[in-house]
Each structure stands twice: as C-alpha cells, then as structure tokens.
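J.: Below you'll find the structure I mean.
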Amino acid sequence: MLSGKNAIVTGSNRGIGKAIVETFAHNGANVWACARNYNKDFEEHISKIETQYNVWIKPIYFELESEEEIKKAIKSIIFENPKIDILVNNAGILDMSLFQMVPMERIRKMYQINLFAPMLTTQVVLKAMVRRKKGCIINIASLAGEQASPGNSIYGSSKAALAHWTKILASEVTTAGIRVNAVAPGSTETDLMSAHKSEVRKELYKESFMERLGKPNEIAEVVAFLASDNAQFINGSIVDVNGGVR
C-alpha cells in the first residue's frame, strides 16, 4: 500500500508511533523514525523490522522543545533525501490535571510539544513537498480534543487546536498537491494507559461501545490508509478511531 514511499514519523519509539513505523514498513514504506533520545532497544527493534520487510528505517534524535533542534533534524533529512512523501506528527505528551493546578510552565510545554512542534516540523517539510507538488501530512489528534471533561483542559485544548489547524492547513496546501488529515484516537493501550489504576481503566472501557481500549496497531492501520493513494479523496478530515463513544 505504501511501497516505495518515504515517511517521517515523530514520537516513533513507543506506543502509537512505534506501531505506525511497523505498519508503514509492513506496507513497503521507508521511514525516518524520530525520537527524543538514543535508545539501544529501539534501534535493535527497527533494525529487525528493516530486515523483515526489506525497507530502510533511520533513527533521528532531537528535542521537540527546541526549535533549533527541530529545524536542524528535519533539514538534515531533506538534505539527505528531498523525496518526502509522508509526514506523521505523532509525538505528544499527556498531563491530566485540573486547570488551576497547572503552572504556566507545564502549559507552555504541552502546547510546544503537542501543537507548536508539529507546526514547525510541517513548515520545514512543506518546502520539500511543495517543490514536488506532492505529499501527505497526518496529525495525531485525540478524542480528548472533542470532549469536555475535568482534568482535560490543557491536553484537550492543545489537541483541539491541532485538529482545527489540520483543516485550515488542508485548505491552504491542497492546490500544491498535498493532503492533510488527522486521526483522533480514543483511549489506547500504551505505556501511559498501563500506568492507570484498574478502577480508572474500567471507567475508560465504559467510554467505548466496544468496552475496551484501542490497540496501537489499530490506530496505525488507519494512519497507513490515509497515507496511501487509496485515500486520495480524503482531505481536511479528522478521523475518529475510538470504538464508538458513549
């Protein structure tokens, strides 16, 4: 489905991002797998995937809180190979706290990583995509961006902004042959979710018609479809993947 395509995936060393890299490779895509810090286990894992699916996967490490590091890393990718077909802005952080308990420093950090970093990454990548008159950008939003619930003020609003920006960006770059969409997962089985107490997890199960959490690969399959030529007429959309919400 993605044979011969080149993709950049941020936050690729765990959870949904890791599943996206695996699914892209399974479908024939080469990947620049972006993460914050070097991790031996991560590099061994992607090396096995390379061999298994006969693609290349290159780790790229940079800090999303640093504009200079983002620019340097993405520009190095473009210098190496300007044929970038897909960008997946997946990296994000979660902080569920009541608004009055969150210091502004944490609010700024969440917006930086969940919104401003994807914006800057996209600005740099767009230059290469516009020159080729071709490309696909997928942002990983969240069900939290659509719901109003206690403790969700900062994370939810950052993801809501990401989703709305997705639609606006699509309206601006479609004439350049670039599609922009977002995937909004519901509660998903990741490291963050596994840290929740059992009673919290039970409440999360009740949110979905299917009474379970999503699996990272289920999110990744939707991302792969949107990135493929099979989704040519899907643009400016926010695709919910949550098993149905009560």
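J.: When region 90-125 is examined, which residues are found to be of a type in the set (D, E, K, R) and free of Cβ contacts under 8 Å to residues at least 12 places away in the same chain?
T.: Result: 105, 108.
J.: Another question, if that's okay. Residues to consider are 204, 213, 192; find the one that is at pLDDT below 95, more than 17 Å from the chain's Cα centre (by Cα) and within 20 Å of residue 14 (Cα to Cα).
T.: Going through 204, 213, 192 in turn, the sole match is 213.
J.: Can you list the helices (runs of 4 or more DSSP H) lying wholly within region 131-246 that have 2 or more residues being in contact (Cβ under 8 Å) with a residue 60 or more places away in the chain?
T.: 153-173, 191-194, 216-227
J.: Additional query: Determine which member of the set 83, 75, 58 is of a type in the set (D, E, K, R) and in a loop (DSSP other than H, G, I, E, B).
T.: Unique residue meeting the criteria: 83.
J.: Same structure, new question: Suppose we keep only residues that are outside any helix (DSSP H, G or I) and closer than 19 Å to residue 185 by Cα within region 93-120. Which one would you say is modelled with the highest pLDDT?
T.: 93
J.: While we're here: Give me the residue from region 123-142 that is surrounded by 22 or more Cβ atoms within 10 Å (Cβ to Cβ) and either more than 25 Å from residue 61 (Cβ to Cβ) or polar (S, T, N, Q) (or both) and, out of that set, modelled with the lowest pLDDT.
T.: 142
J.: Just give me the residues in region 5-41 being outside any loop (DSSP other than H, G, I, E, B) and among the charged types (D, E, K, R), in sequence order.
T.: 18, 22, 40, 41
J.: From 6, 90, 39, which residue is over 30 Å from residue 155 (Cβ atoms) and either out of contact with any helix residue (DSSP H, G or I) (no Cβ under 6 Å at 6 or more places or on another chain) or at pLDDT 95 or above (or both)?
T.: So the residue among 6, 90, 39 that is over 30 Å from residue 155 (Cβ atoms) and either out of contact with any helix residue (DSSP H, G or I) (no Cβ under 6 Å at 6 or more places or on another chain) or at pLDDT 95 or above (or both) is 6.
J.: Another question about this same structure. Considering only region 11-20, state which residues are under 25 Å from residue 134 (Cβ atoms) and either open to solvent by less than 10 Å² (accessible area, probe 1.4 Å) or free of Cβ contacts under 8 Å to residues at least 60 places away in the same chain (or both).
T.: Scanning region 11-20 gives 12, 17, 20.
J.: Pick out the one residue from 87, 98, 64 that is surrounded by 15 or more Cβ atoms within 10 Å (Cβ to Cβ) and in contact with a Gly (Cβ under 8 Å, 6 or more places away or on another chain).
T.: 87
J.: Testing residue 83 on (1) without any contact (Cβ under 8 Å) to a residue 12 or more places away in the chain; (2) basic (Lys, Arg); (3) under 27 Å from residue 177 (Cβ atoms), one condition comes back false. Which one is that?
T.: (1)
J.: Regarding region 36-58, can at least one residue be identified that is closer than 22 Å to residue 166 by Cα and buried (at least 16 other Cβ atoms within 10 Å of the Cβ)?
T.: no
J.: For residue 2, only one of the following conditions fails: (1) surrounded by 15 or more Cβ atoms within 10 Å (Cβ to Cβ); (2) part of a helix (DSSP H, G or I). What is its number?
T.: Of the numbered conditions (1) surrounded by 15 or more Cβ atoms within 10 Å (Cβ to Cβ); (2) part of a helix (DSSP H, G or I), the odd one out for residue 2 is (2).
The values are calculated or read from the model by the stated rules, or taken from the named source; none is laboratory data. This is a predicted model, so every value here is computed, not measured. Backbone-built Cβ (ideal geometry, glycine too); neighbour counts: all protein chains shown. Surface areas here come from the heavy atoms of the whole protein model, side chains and all, with no ligands, DNA or RNA. Shrake-Rupley method; radii C 1.70, N 1.55, O 1.52, S 1.80 Å.
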